[in-house]
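Structure incoming, see below.
Each reported figure results from applying straightforward, stated rules to the coordinates on display, with no laboratory input. This is a predicted model, so every value here is computed, not measured. Note: ideal-geometry Cβ built from the backbone for every residue, glycine included; neighbour counts use all protein chains shown.
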């Protein structure tokens, strides 16, 4: 009887489903490397426009949006075939963008023009342009879609944009060269990283007031090399991973106490990160060493570094 | 039966000798730990720019150096057993042992096993301290490393055995230090990966590649990650057989170098 039950259980257990793909943009190769999460190998390389950086998927993953910075356009790709469907008007030199939760409005930072451009991905038209500080780069949208953040690298500010009116309603100073911003899972806090300052500034979203400043120190690594860029929160929102650029490490930050708990060694000049679909692994793009390091999230140990194209920059997950 | 008795007796004697020298375990641990805590700490960020098997991602220098330091323990122990063999011969207990009514190669093999087992013990003691310091390997790696460490220890003990047949006096041990231990340790992959050596000079890399100690270290390095390295295994096992044969030859009173002593 027991044996039959065991056999039944074994049959009833779901077969492991395909664990998904990690898409990485290669800045210097004008391509995307697609990594299979199961085998941790590059399974496809897809050509793109010039200098691809920011990459994101629509919420149903039927479209991939890619900032082709030197082609001055955002490309829309069919992820199944890798075919470029059309380009979106993006303004000059798009570097990072964020897709609003409505899946329709793409908010793009135009680094050379000091503006943030809003594009309707269905009508393929620019529906708004907002003047922001010099060299805008980091983009974030609140989970409810009501606030969009642009960080400007030279003005050293986070600009808070009301998406209902497309106007800036607050500007907050951060440390030198803010390049990335991310809302916490519930949307109560905004985290902004500063590359030259080497810090992460935490804001209370309701009051736009600074609440915490996170600093980093790695034994044996010069402070100048600690340049905070990408930020990712675990699905449970309790832990944040912060990429530290040429320090070649990822910082593990407790998102409740704001304490740095660990540093993980990855490849050279780490930019951005994305999680595997089940959240058990983190993939980091290492620009100078041209690879992607896979981190086991539970043990916080680097597992493998996968060679991709030259200067990998952006990363996105496709289940 | 008497063969096993001899094995047991020799193992017991070496074990007692080891336990009698309380400082020996400590000193055997201090040497690699100084390298780990002081030498490697200074180079923490120096490596990690190239990934070579068995590593799959970037590592700190402290992680790289541990298998090499395990090799260092085995190397020094192999030489130490050679030292105690010379001592035994000067004191006469070696002659007594070799007159036992058993094949000489078996008696020498027993000495080899005894020396290797003590080396293995020290190597694991070092790995435990390294793990407490935060340098850990996959749990299975510690199991897989046992045969690799044992084989490497046997190979280096066989080398020690061979050398002991050539050394006439205890005082000559300093020569062994200079001409065997240092070149073997430094001209190997224990401290730097071979690609780093090749950057300095390809000839240096070739020298390291020809050094059996390099292969012993690589065998241990791969095993600690649960991986095999056929070339390293073949070279280490081959070197053990060659050194073992040379030792048997060296201790053969009819032909060997030991005879010329009298």
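Could the peptides B:136-145, A:21-30 be put in order, highest first, of the mean number of other beta-carbon atoms found within 10 Å of their residues? Present the calculation step by step, with values, prior to reporting the outcome.
Numbers: B:136-145: 16.2, A:21-30: 22.8.
Ranked by mean Cβ neighbours within 10 Å, highest first: A:21-30, B:136-145.
Take A:175, B:252 and order them by how many other Cβ atoms sit within 10 Å, fewest up front. Mind dumping the intermediate values first?
Working: A:175 19, B:252 15.
Lowest to highest Cβ neighbour count: B:252, A:175.
Moving to a separate point now. Given 10 °C and 1.306 mPa s, compute D for region B:1-152 with the Stokes-Einstein relation, Rh being the Kirkwood radius over Cα pairs; round to the nearest whole µm²/s. Each step should come with its number before you reach the end.
Numbers: Rh = 17.3 Å.
In µm²/s, the coefficient rounds to 92.
In whole Å and largest first, what semi-axes does the C-alpha gyration tensor of region A:88-152 yield when each eigenvalue is scaled by 5 and square-rooted?
Numbers: eigenvalues 58, 40, 14 Å².
They are 17, 14, 8 Å, listed largest first.
Using a cut-off of under 19 Å, list every residue of region A:83-105 whose amide N is near the label point 7 Å from the Cα of residue A:62 along the Cα-to-beta-carbon line.
It comes to A:83-88, A:99-105, nothing else.
Please give the average number of partner chain Cβ atoms lying within 10 Å of the Cβ of each residue in A:300-306, rounded to a whole number. Don't jump to the answer; show the numbers that get you there.
Details: counts 0, 3, 5, 2, 4, 5, 2.
For peptide A:300-306, the averaged partner shielding equals 3.
Rounded if a/c is under 1.5, else prolate if a/b beats b/c, else oblate: with a ≥ b ≥ c from the C-alpha gyration tensor eigenvalues square-rooted, which is the protein assembly as shown?
Details: a/c = 2.98, a/b = 2.64, b/c = 1.13.
Verdict is prolate for the protein assembly as shown.
Where does each of A:93-100, A:294-301, A:40-47 land if you order them by average Cβ count within 10 Å, highest first?
On the way: A:93-100: 22.8, A:294-301: 16.0, A:40-47: 14.4.
Ranking the peptides A:93-100, A:294-301, A:40-47 by packing returns A:93-100, A:294-301, A:40-47.
Also, quick follow-up: How would you classify region B:1-80 from its alpha-carbon gyration tensor, with a ≥ b ≥ c the square roots of the eigenvalues: rounded for a/c under 1.5, else prolate if a/b is greater than b/c, otherwise oblate?
On the way: a/c = 5.11, a/b = 2.15, b/c = 2.38.
Note, shape of region B:1-80 comes out oblate.
Round to a whole angstrom and tell me the spacing of the C-alpha centers of region A:297-319 and region A:182-204.
22 Å
Compare the peptides A:78-85, A:282-289 by average per-residue count of other Cβ atoms within 10 angstrom and give them in order, highest first.
Numbers: A:78-85: 13.0, A:282-289: 24.4.
Descending packing order for the listed peptides: A:282-289, A:78-85.
Sticking with this one: Could you work out the mean count of beta carbons from other protein chains within 10 Å of each residue's beta carbon in B:53-62?
Working: counts 0, 0, 3, 8, 14, 13, 2, 2, 1, 0.
Average per residue, whole number: 4.
Further question: More than 15 angstrom separation, counting every C-alpha pair in region A:174-265; what % is that?
On the way: 2242 of 4186 pairs.
Beyond 15 Å sits 54 percent of the P(r) for region A:174-265.
Stokes-Einstein D for region B:152-250 at 25 °C, 0.890 mPa s, Kirkwood Rh over Cα pairs, in µm²/s? Intermediate results must be reported in sequence, preceding the final value.
Values: Rh = 14.3 Å.
Result for D is 172 µm²/s.
Pick out which of B:127, B:96, B:107 has the largest mean-square fluctuation in a Gaussian network model of chain B, springs linking Cα atoms closer than 10 Å.
With Cα springs under 10 Å in chain B, the top fluctuation among B:127, B:96, B:107 is at B:96.
OK, next. Fewest first, what order do B:110, B:208 take by the number of other Cβ atoms within 10 Å?
On the way: B:110 23, B:208 20.
Ascending number of Cβ neighbours within 10 Å: B:208, B:110.
OK, next. 7 Å from Cα along Cα→Cβ at both residue A:222 and residue B:33: what's the point-to-point distance in nm?
If labels sit at residue A:222 and residue B:33, their model points lie 3.4 nm apart.
Among A:293, A:257, B:60, which comes first, second and so on when ranked by fewest other beta-carbon atoms within 10 Å?
Numbers: A:293 26, A:257 9, B:60 18.
With the fewest neighbours first, A:293, A:257, B:60 line up as A:257, B:60, A:293.
A follow-up question, please. According to the Kirkwood expression over distinct Cα-Cα pairs, how big is the hydrodynamic radius of region A:175-218, in Å? Kindly include the intermediate steps, with their values, before the conclusion.
Working: mean 1/r = 0.0946 Å⁻¹.
Every distinct Cα pair counted, the radius reaches 10.6 Å.
If N is the number of residues in region A:51-173, what value comes out of its Cα radius of gyration divided by 2.2 N^0.38 Å?
The value comes to 0.98.
Then there is this: As I understand it, the value is the acute angle between the Cα axis of helix B:2-20 and the longest principal axis of the Cα atoms of chain B; what does it come to in degrees, rounded to 10?
Once rounded, one gets 60 degrees.
Semi-axes of the equivalent ellipsoid of region B:112-190: what are they in whole Å, largest first, if each equals the square root of 5 times a C-alpha gyration tensor eigenvalue?
Values for region B:112-190, descending: 28, 15, 11 Å.
Still on this structure: Consider just the alpha-carbon atoms of chain A and return their Rg together with their Dmax, both in angstrom.
According to the Cα coordinates of chain A, Rg and Dmax are 19.6, 73 Å.
How much of the pair distance distribution for region B:2-261 lies past 25 Å, counting alpha-carbon pairs only, in percent? List each step's numbers first, then the result.
On the way: 14603 of 33670 pairs.
Everything past 25 Å amounts to 43 percent.
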